[in-house]
Structures are given as structure tokens and as C-alpha cells.
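Notes for the one structure printed next.
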Amino acid sequence: MKKKGKSLTNWKKVKSMPQQDVEKLADAEDGALPEGWEKTVIIGLPIGKEAVKLRIDRDILSWFRSTGKGYQTRMNNVLRAFVSARIQGQTHHS
């Protein structure tokens, strides 16, 4: 469905959920959400991915794998946050 530009998410249900219910779900799965997390949400379909061969320290890879299914996405999110912080830093220094 993503290739056709369609989402598998039930957005009606998501939009109808009170914020506190969303936070309870997240707390149950991964712990409390950090302050300002909602500013990092990206609306729409994600940009395409590219498969790469990447050498990562064993302990780092082990930690991400220990977080369960979706660990590669979490690794990508950490890299995205780093890049975003650097880009924001560049715009403040210009």
C-alpha cells in the first residue's frame, strides 16, 4: 500500500484518541515520552529507504537488537535526530 501512497494506519481512530490515551500506550511499551516529543512527528509518507552495508560496533548493534522488532527503524530515527540537530545548529549560526 505504501507504494500506492496509501497508509495502513487508521487515522480516524488515531485522531479520535485523547492525548492521554496515546501517552498511556507509549508509556506501557517504551516508558514515558520525553517533553516535546510531538514536535518530532512527521506527517505523511516517509521518504524512501536505501539498503546499505554499514559497519557498526557490536555493543551498539546488540543494544538496538535487544530493543526488539523495529530496531533498524530506531537506529534510523537516532541518525535522523542527530542530522536534524546539526541542521538546526547550522541555521542558527548562519
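Computed values, structure above
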quantity	calculated
Residues of the stretch 60-92 satisfying the condition of being of a type outside the set (Gly, Ala, Ser), open to solvent by less than 60 Å² (accessible area, probe 1.4 Å) and over 13 Å from the mean Cα position of the chain (by Cα)	Leu61, Phe64, Thr67
Subset of the stretch 1-31 [at pLDDT 70 or above, surrounded by fewer than 10 Cβ atoms within 10 Å (Cβ to Cβ) and part of a loop (DSSP other than H, G, I, E, B)]	Lys6, Leu8, Thr9, Asn10, Pro18
Whichever residue in the stretch 32-73 is part of a helix (DSSP H, G or I) and either touching a helix residue (DSSP H, G or I) at 6+ places or on another chain (Cβ under 6 Å) or small (Gly, Ala, Ser) (or both) and, among such residues, is nearest to Asn10 (Cα to Cα)	Tyr71
Contacts under 9 angstrom Cβ, first residue in the stretch 71-94 being farther than 15 Å from Trp37 by Cα and at pLDDT 90 or above, partner basic (Lys, Arg) and surrounded by 10 or more Cβ atoms within 10 Å (Cβ to Cβ), 6 or more apart	Tyr71/Arg65
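The values are calculated or read from the model by the stated rules, or taken from the named source; none is laboratory data. This one's a predicted model, so the numbers in the text were calculated from it and none came from an experiment. Every residue, glycine among them, receives a Cβ derived from its backbone with ideal geometry; neighbour counts consider all protein chains shown. Surface accessibility is based on the protein's heavy atoms, side chains included, excluding ligands, DNA and RNA. Shrake-Rupley method; radii C 1.70, N 1.55, O 1.52, S 1.80 Å.
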